[in-house]
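Bear in mind these aren't lab numbers, they're just calculated from the coordinates by the rules spelled out. Values in this document were obtained by computation on a predicted structure and should not be read as measured data. When we count neighbours, we look across all protein chains shown, and the Cβ atoms used for this are built from the backbone with ideal geometry, even at glycine.
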Amino acid sequence: MPGRFRPAGPGGQDLRSFARWYRSQEVAQWEALDLDAVARLADLLLEAERRGRHVFVMGNGGSAATAASIAVDFSKTASRPGHRPLKCLSLSENTAFITAMSNDHTFDDIFVQQLKNLLEPGDVVIFISGSGNSVNLIKAAMFARAKRAKTAALLGFDGGKLKALVDVPVIVPSEHYGVVEDLHLSISHILTFFLHQRRGR
């Protein structure tokens, strides 16, 4: 449901009206979610698990927090005794490296330089971005493709430039960053608990 919230009255009534409007935005995105794209991303993760490859995830701002949550969930929450855990690492968490690169070189290289140090062919790289146009993510995506890694992205709006640079784009086509980030986290939870229950078979 596109559009912006238009206040109808003062005080708490506005809050309740806004909450109902926000909920309607999320419900619309849930109903439109491309489950085929989510399934393709799940397939990348299952293949990485089977082959013992690494999964690297990254984002800026709120998407950096989502990347951290994904790394914990894929590595810990999705695991089960007797199964090799998925090796997932958030590249948004290395504060010393990120600030060193930003101070001495450029913020645009905070992710690509980590991938140059860590990435191997066949690894999976997941980018998280509302706009899909962050320069540091675009540079990392181009490097990952050249390195023959598998790539995916959780995106918002129209997918931005990243949409065409990854193997599996999963787009939440909302124009509200809150809705986009909420759905990205929900998608990550779908994947986490899918992996967890699948190991229980």
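Of the residues Ser69, Ser102, Ala39, the one whose Cα sits farthest toward the positive end of the charge dipole of region 34-199, with +1 on the Cβ of Lys and Arg and -1 on the Cβ of Asp and Glu, is Ala39. Using just its DSSP H runs of length 4 or more, each adding -39500 (n - 2.57), the chain gives a mean residue ellipticity at 222 nm of -16500 deg cm²/dmol after division by all residues.
Counting charges near Leu165 (Lys, Arg +1; Asp, Glu -1) among other residues having Cβ under 12 Å from its Cβ returns a value of +3. By the scheme Lys and Arg +1, Asp and Glu -1, what is the net charge of all other residues having a beta-carbon under 9 Å from that of Glu47? Residues close to Glu47 contribute a combined charge of +2. Normalised by 2.2 N^0.38 Å, where N counts its residues, the alpha-carbon radius of gyration of region 117-174 equals 1.04. Overall, the anisotropy analysis places region 23-94 in the oblate class: the square-rooted eigenvalues a ≥ b ≥ c of its C-alpha gyration tensor yield a/c not less than 1.5, with a/b not exceeding b/c. Dipole magnitude for the chain: about 600 debye, using +1 per Lys or Arg Cβ and -1 per Asp or Glu Cβ, origin at the Cα centre.
Only lysine pairs 8 or more places apart or on separate chains count here, and in region 55-201 those with Cα atoms under 12 Å apart total 4.
Relative to the longest principal axis of the Cα atoms of the chain, the long axis of helix 35-51 lies at roughly 20 degrees. Hey, what angle do you get for helix 95-104 against the long axis of the chain, alpha-carbon based, 0 to 90 degrees rounded to 10? Taking Cα atoms only, the helix is inclined about 90 degrees. Helix 135-146 axis versus longest C-alpha principal axis of the chain: approximately 40°, rounded to the nearest ten.
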